[in-house]
Ligand code: ADP
Ligand code: MG
């Protein structure tokens, strides 16, 4: 009998070619196969009469093959096999694409169980590419797992491989979670859970098994993260003994909000040298994260270190430099901007000044992490709008110093439990308070019918002395019926010929972008048509109307960010999302934004709608891949898993008493991080 450490080739019928394909699915050993969970199940205990088949549903029918499979070439390389099946209630068509051999094994007049997806309705209704088994009178087909596939690998192959893996654990399989933990949460042991998840006898059994697997995965993840945190805490951090920020508060043009003061106190306490700080500041758009970042830069500089502040776009970096450089300089610190579009000579001069330590606070873009940038004494780094950077970019900035204190900032606030997990071993500060005097932005989701009225509304705001942003999703006219920024500029110039309309998009040269942005900020343009390059950070207090074209093309959090560009001054501000007239769902989605301005709530809705993969972007979190847990829907288990992991590691930091558990944690964190 094959062992768990064997490759699938140890199974008869799996040759080198299949094995290579299985490897694509991540199955190198039978152990891997054990952890390759079905994505769904066919409940063949539940038979649907043919007349009750509903479009879009997956269903099982017990039916007799009525006509011989008929083969048709629909175009080059595309074959369609078609036949009918019937039961007591009616008849339905069955189709297979490029799979004539599978259908050829069926015999007319025999009864089978077919499980597949229903497409179309009325006479066009069909069962598409169903799996089938011979029907045995009086017996149901059981619950059949459906595995995720790749080209060339069939369900049959996976059933065979997982069968072999399950045989290997049938007798006994070591449990690595403490027994009391299983008892406390009513979870099945690992062996039972594995058998239930691969070969369940009922759908209820799957739920229990899945719960165990989710808990296990999140628990391992939390144990690993907690250990990373502990390890970081074993290192000594740079010490910033001078924590007196009196002078800083004095030059800051406004008194801090309570939340800002709290966050600054938290990070100042982190910089005492106990260990390197690794902190996330989460705060809604406009909550004043920049001032918190500036406090950290000041702390570094007044303790003899350099600080680097990295922003995702040149516009944002330039704006930070513009507002912060005078502040730092009045405190006696040198500050400079470094971006990719600077001339070679200017860059060289700045590189030299940075490596000589003459520039104390450097504000920049990705240009900061280029190889030829060297710091003399980098003590603190800040990553603004961290979701715009990948893990390796954030790491690259950190590596410019010797264990510098690190602050990352995010405007997409998420529930704390999730933040603690998604952002790995970070400590979290929350800016849950907006600076005083903010008026809520009145928000509307509208359809095409409203367009003439919206143009009038734009004109009215301009007459009152305001300014307007119009955001479009694409730069050039694509195939999609979307307003392109370039085309939209033309439209607006026609509709409002007396108004100054300018254009800003990501492909313009930096100097052009700066010129356009500065002119708009100076009131030299009335309407700025832009792509999402203005999404982050841009600050023009006089702008009080944001119009977003094709609002349904953006994520909710992104729209919320866009809305954050207005409502920054004294004028009543407005935000208008155009959605296509059809698509109730799209409009309902936008309605969330009309009803609330709470970034946490919006992020939660966004996460639930899009799922964690899209929401976080696969590349940016850098955690081990989760195979089964769903970060949006498994929040409650996540909370328990985290609490238990923390409690266990507080008692036994090296997991000395739980060697199998430690091994599993290590294994999870050894495997390559996110694809
Ligand atoms: P975020 O980066 O969190 O979106 P910013 O740091 O850009 O927000 O701040 C938004 C605006 O609020 C800026 O114009 C800033 O000057 C202003 N601001 C920040 N903190 C305060 C405060 N405590 N009181 C008044 N205005 C503030
Ligand atoms: Mg910001």
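The values are calculated or read from the model by the stated rules, or taken from the named source; none is laboratory data. On a predicted model such as this, the values are computed, not experimentally measured, just so you know. Note: ideal-geometry Cβ built from the backbone for every residue, glycine included; neighbour counts use all protein chains shown.
Here's the yes/no breakdown for (1) within 16 Å of ligand 1 (Cβ to nearest atom); (2) modelled with pLDDT under 95; (3) surrounded by fewer than 19 Cβ atoms within 10 Å (Cβ to Cβ); (4) closer than 24 Å to residue 443 by Cβ:
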position	(1), (2), (3), (4)
475	no, yes, yes, no
511	no, yes, yes, no
521	yes, yes, no, yes
526	no, no, no, yes
537	yes, yes, no, yes
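Here segment 360-385 is the region considered, the condition is being more than 23 Å from residue 272 (Cα to Cα) and buried (at least 24 other Cβ atoms within 10 Å of the Cβ), and the residue that is farthest from the chain's Cα centre (by Cα) is 363. Is segment 23-39 home to any residue that is surrounded by fewer than 19 Cβ atoms within 10 Å (Cβ to Cβ) and in contact with a strand residue (DSSP E or B) (Cβ under 7 Å, 6 or more places away or on another chain)? Checked segment 23-39: at least one residue is surrounded by fewer than 19 Cβ atoms within 10 Å (Cβ to Cβ) and in contact with a strand residue (DSSP E or B) (Cβ under 7 Å, 6 or more places away or on another chain). What single numbered condition from (1) modelled with pLDDT of 85 or more; (2) out of contact with any helix residue (DSSP H, G or I) (no Cβ under 8 Å at 6 or more places or on another chain) fails to hold for residue 576? Among (1) modelled with pLDDT of 85 or more; (2) out of contact with any helix residue (DSSP H, G or I) (no Cβ under 8 Å at 6 or more places or on another chain), the lone unmet condition for residue 576 is (2). Kindly evaluate residue 504 against the criterion of being within 16 Å of ligand 1 (Cβ to nearest atom), surrounded by 22 or more Cβ atoms within 10 Å (Cβ to Cβ) and within 24 Å of residue 386 (Cβ to Cβ). No, not satisfied.
Taking the criterion of being part of a helix (DSSP H, G or I) and either within 19 Å of residue 146 (Cβ to Cβ) or in contact with a strand residue (DSSP E or B) (Cβ under 6 Å, 6 or more places away or on another chain) (or both), the residues of segment 87-124 that qualify are 100, 102, 103. Checked against the criteria, residue 434 does not count as without any contact (Cβ under 8 Å) to a residue 40 or more places away in the chain and farther than 24 Å from residue 223 by Cα.
Scanning segment 304-314 for residues that are more than 12 Å from ligand 2 (Cβ to nearest atom) and either in a helix (DSSP H, G or I) or touching a strand residue (DSSP E or B) at 6+ places or on another chain (Cβ under 7 Å) (or both) returns 305, 306, 307, 308, 310, 314. If you check 69, 8 for being out of contact with any strand residue (DSSP E or B) (no Cβ under 9 Å at 6 or more places or on another chain) and either farther than 19 Å from residue 152 by Cα or surrounded by 12 or more Cβ atoms within 10 Å (Cβ to Cβ) (or both), only one passes: 8. Here 316, 324 are screened, and the one residue that is without any contact (Cβ under 8 Å) to a residue 40 or more places away in the chain, within 18 Å of residue 291 (Cβ to Cβ) and within 14 Å of ligand 1 (Cβ to nearest atom) is 324.
Condition check ((1) within 14 Å of ligand 2 (Cβ to nearest atom); (2) on the phi > 0 side of the Ramachandran plot; (3) without any contact (Cβ under 8 Å) to a residue 60 or more places away in the chain; (4) surrounded by fewer than 21 Cβ atoms within 10 Å (Cβ to Cβ)) across all residues:
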position: 254; (1), (2), (3), (4): no, no, no, yes
position: 257; (1), (2), (3), (4): no, no, no, yes
position: 261; (1), (2), (3), (4): no, no, yes, yes
position: 264; (1), (2), (3), (4): no, no, yes, no
position: 271; (1), (2), (3), (4): no, no, no, no
position: 274; (1), (2), (3), (4): no, no, yes, yes
position: 282; (1), (2), (3), (4): yes, no, no, no
position: 292; (1), (2), (3), (4): yes, no, no, no
